[in-house]
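Student: Got a structure for you, written out below as structure tokens; questions coming shortly.
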Amino acid sequence: MARPEILFPLFANAITLPGIGPKSAQALERLGIGKVVDLLFHIPHGLIDRRQRDSLVGIDPGEVVTVAVIIGQHRRGRSETQPYRVVVEGGGLLFEVVYFRAKADWIERLLPQGERRVISGKVEFFDGRLQMTHPELVLTEADAKTMAPFEPVYPLTQGLAQRQLRKAVTGALGKAPDMPEWLRKDMLEQKAWPSWTDALRQIHEPQGAQTLAPGAPARARLAYDELLSHQLALMLARASMQRGKGQGNAGDGELRKRAATAFGFPPTGAQAKALEQIEADMRSALRMLRLLQGDVGSGKTWVALMALLIAVEAGGQGALMAPTEILARQHAKGLEPLAEAAGVAITLLTGRDKGAARREKLAAIAEGGTGIVIGTHALFQSSVAFHDLRLAVIDEQHRFGVRQRMELTAKAPAGCDVLVMTATPIPRTLALAGYGDLDISVLDEKPPGRQPIETRLISTERYLDVVERLGQAIARGDRAYWVCPLVEESDRSAMIAAEDRFRDLQTRFGAAAALVHGQMPPDEKDAAMARFQSGEAQILVATTVIEVGVDVPEATIMVIEQAEMFGLAQLHQLRGRVGRGAGRSSCLLMFSPPLGATARARLEMMRETEDGFRIAEEDLRLRGAGDVLGTAQSGLPRFKIADLERDTGLMEAARDDARLVMHSDPTLRGERGKALKTLLYLMDRDASIQLLKIG
């Protein structure tokens, strides 16, 4: 469906706006602004008070003031390098207007002696005298009457000026049409929210600091629009994936019984509950769309295997997609013995498979000779065809997008169930933002027998003490991870490089040290991991490539160097690589003093708790949604106006509103539905919108 004609002016290129040429258009692109509509949603982060002042007595240095003055004597500098000073009287004071490297005749025309002008700029004291250097505005009194009392201040980039951007925004506002109202009338009245067009005008033409405050009606309304369109897009994506002929996947439980017996440990209550929810979903004729969220070591992989075996019991196949080859191989190694006990063949498919070996694997998948396929992005390539894909399990979902999820499920013409997993506990607000199209199961228990991990903070100044104690542990037969932020030394950063640290530890411990990082050739990476897993190497120096999926129960020590450089979620994931066996484990967080307040709060939280859900909430509080979205949850959406940390209530309301819409008008053909369709095209924020076919 084409965009509604009413939106055509808003989707014109930003270069059509006044003040924007080819170079400034390139600068706008760096801000993510390509269309007129993007500029409307580029909201100011502050304002300048341009109201005229009657008095400057008691003014604070650094303030921006606007005052009517009488122009007095001009004082030229003795040379071009000396300032040109103009004495003015206004606001009850005599002070000077100062220019550097400006042409005298230009200043004389701008500030003619004996006349009145309104000037606006920052005042400061120099040698005890008040002065205004290079006023931002010099206006006649007639022109000053048309000046806005408050001037918005926008985020900029190189090649753009505030005045230029404000001019373009004014042009964009002129193109904003009166929209059909997509919000409920009762909500608008209850919240006292303006219309969409009025909200934009209030934001870009502020009448005071309160206009830009987070709870201001205009800003709240625009934030709600953004959240509502996103939630609606997620639910439409869910409906699109569930639409069409589904198939119930009911198994007799025999394969699961055999695998569970081989596993040897009973499931936790949380695992059993999650599996019960998954089994009910898979039995339904509607496609399952479920997120399995669990803390480190909570047993997500066991639940995933049982779900995959349901698909095989039902006569089909299951696929497990992981973001990295290390994680895919780890899954295959861990699941193969259990699948073998159940009599189910597993195939591992990665980008490394070539030639005859790859053709053999593809044939087994296409002919149904394998029940479970484990792989990386290679799984949704066009050359991969399944015999009968019934379930797609996507691990570390936040590293994949909606499009990739749909590309994998498209391998099942009859429709397949989808289970996505994340090992990074997600605060509720972020879960609603990124996974609003999914039902959620939570694993909040750890299997019995898991040992607590002792976490300690230690300065990098005590590096030699740490190495000495590591040597004692190695002598006892222990195994340890040593994690560094970078692969190799950089002139741009003081962060310790993994290769540099490896060379030092190799000098001290010889062949007991191994190195693994993402830039190594796959064969070398596998060889290093194999040496560590077998115990031939007892120290694995690594980057965050081991953050998820690596499972070596014998490893009991985790050293994280320059831990203050990592986010809380990442630290929690890294710590979770130990404490997976029967032995007591420890985690050393090495930091470079002095620590800032935020960094210290992060490390203290790590020492205080192992609860990933509590850590995730603290991470959101300390860093804010923007930083969290940019790292641990990089697959979650970024909003231009809404703030996920602050706007929790709006998010909840938007989700409830979107649910009501989908329940009453699933194809958006009603009066409000048509208006909401305009909102979806207008916001155009989520990739899933691009994939929808809304009739």
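The values are calculated or read from the model by the stated rules, or taken from the named source; none is laboratory data. Fair warning: this is a prediction, and the values are worked out from it, not measured in the lab. Positions of Cβ are generated from backbone atoms using ideal geometry, with glycine treated the same way; all protein chains shown enter the neighbour counts. SASA here: full protein model, heavy atoms, side chains in, ligands and nucleic acids out. Shrake-Rupley method; radii C 1.70, N 1.55, O 1.52, S 1.80 Å.
Student: Of the options 22, 57, 47, report the single residue whose Cα projects farthest towards the positive end of the charge dipole of the range 12-120 (beta-carbon charges: Lys, Arg +1; Asp, Glu -1).
Tutor: 22
Student: Antiparallel versus total DSSP beta bridges in the chain: what percent is that, nearest 5? Kindly include the intermediate steps, with their values, before the conclusion.
Tutor: Details: 30 of 86 bridges.
Antiparallel bridges make up about 35 percent of those DSSP assigns within the chain.
Student: Give the accessible surface of the range 268-392 per residue, rounded to a whole number of Å², with probe radius 1.4 Å and ligands, DNA and RNA excluded. Show your work: numbers first, answer last.
Tutor: Working: 4230 Å² over 125 residues.
With the other protein chains kept in place, the range 268-392 gives 34 Å² per residue.
Student: If you fit an axis through the alpha-carbon atoms of helix 355-367 and take the longest principal axis of the Cα set of the chain, what angle between them do you get, 0 to 90°, nearest 10?
Tutor: Taking the Cα atoms of the chain, the angle to 355-367 is about 80 degrees.
Student: On to the next question. With a point put 7 Å past each Cα toward its Cβ, work out how far residue 187 is from residue 49 in nm, to one decimal.
Tutor: Taking the simple label geometry, residue 187 and residue 49 are separated by 3.5 nm.
Student: Can you give me the Rg/Rh ratio for the range 414-484, using Cα atoms for both radii and the Kirkwood formula for Rh? Before the final figure, lay out the partial values.
Tutor: Numbers: Rg = 20.3 Å, Rh = 17.2 Å.
Result: Rg/Rh = 1.18.
Student: Can I ask one more? Give me the percent relative contact order of the chain, please, defined on Cα pairs under 8 angstrom at least 6 residues apart.
Tutor: Working: 1278 pairs, mean separation 91.7, N = 695.
RCO, the chain: 13 percent.
Student: While we're here: Roll a 1.4 Å probe over the protein chains and send me the accessible area per residue for the range 1-114 in Å².
Tutor: Values: 6240 Å² over 114 residues.
On a per-residue basis, the range 1-114 sits at 55 Å².
Student: With n ≥ 4 as the cut-off for DSSP H runs, can you work out [θ] at 222 nm for the chain, using -39500 (n - 2.57) per run divided by the number of residues, rounded to the nearest 500?
Tutor: Numbers: 24 runs with 279 residues, N = 695.
Per the formula, -12500 deg cm²/dmol.
Student: List the trypsin sites (Lys or Arg not before Pro) within the range 134-230 that DSSP assigns to loop and that have no more than 16 neighbouring Cβ atoms inside 10 Å. Intermediate values should be presented prior to the final figure.
Tutor: Working: sites: 145, 163, 166, 167, 175, 184, 185, 191, 201, 219, 221; in loops: 145, 184.
Hits after loop and neighbour filter: 145, 184.
Student: Grab the other residues whose beta carbon is less than 15 angstrom from that of residue 256, score K and R as +1, D and E as -1, and report the net.
Tutor: -2
Student: Using a 1.4 Å probe on the protein heavy atoms, what percent of the accessible area of the chain belongs to carbon and sulfur?
Tutor: Carbon with sulfur: 50 percent of the solvent-accessible area.
Student: Could you tell me the calculated FRET efficiency between residue 520 and residue 209, based on Cβ-Cβ distance and R0 = 60 angstrom, to the nearest 0.05? Don't skip to the end; give the middle numbers.
Tutor: Values: r = 53 Å, r/R0 = 0.89.
Efficiency at R0 = 60 Å is approximately 0.65.
Student: Accessible area per residue of the range 495-613 at 1.4 Å probe, in Å²?
Tutor: On the way: 4360 Å² over 119 residues.
Result: 37 Å² of accessible area for each residue.
Student: While we're looking at this one, here's another question. Suppose every K and R has +1 on its Cβ and every D and E has -1 on its Cβ; what is the size of the dipole of the range 268-363 about the Cα centre, in Debye to the nearest 20?
Tutor: Details: 12 positive and 10 negative charges, 75 e Å.
Computed charge dipole of the range 268-363: roughly 360 debye.
Student: Set the Förster distance to 60 Å, then compute FRET efficiency between residue 454 and residue 162 from the Cβ-Cβ distance, nearest 0.05. Mind dumping the intermediate values first?
Tutor: Details: r = 53 Å, r/R0 = 0.89.
Calculated value: 0.65.
Student: Tally Lys/Arg at +1 and Asp/Glu at -1 over every other residue whose Cβ is under 12 Å from the Cβ of residue 214; what's the total?
Tutor: -1
Student: Consider a paramagnetic label point 7 Å from the Cα of residue 74 along Cα→Cβ; state which residues of the range 107-140 have an amide N under 13 Å from it.
Tutor: 107-115
Student: Here's another thing I want to ask about it. Residues with amide H under 5 Å of residue 559's amide H, sequence separation 5 or more or different chain, H placed in the peptide plane at 1.01 Å from N; which?
Tutor: Here the answer is 481, 482, 483, 588, since their amide H atoms fall under 5 Å of that of residue 559.
Student: Working from Cα positions, state the angle (0 to 90°, nearest 10) between the long axis of helix 217-242 and the longest principal axis of the chain.
Tutor: Taking Cα atoms only, the helix is inclined about 30 degrees.
Student: At a Förster distance of 30 Å, what's the computed FRET efficiency of residue 26 paired with residue 64, Cβ-Cβ distance as r, to 0.05?
Tutor: Values: r = 30 Å, r/R0 = 1.00.
Step by step, r from the Cβ atoms, then E = 0.50.
Student: In addition: Once the chain is represented by equal point scatterers at the alpha-carbon sites, with solvent omitted, what log10 I(q)/I(0) does the Debye formula produce at q = 0.05, 0.08 Å⁻¹?
Tutor: Cα-only, vacuum Debye calculation for the chain: -0.34, -0.79.
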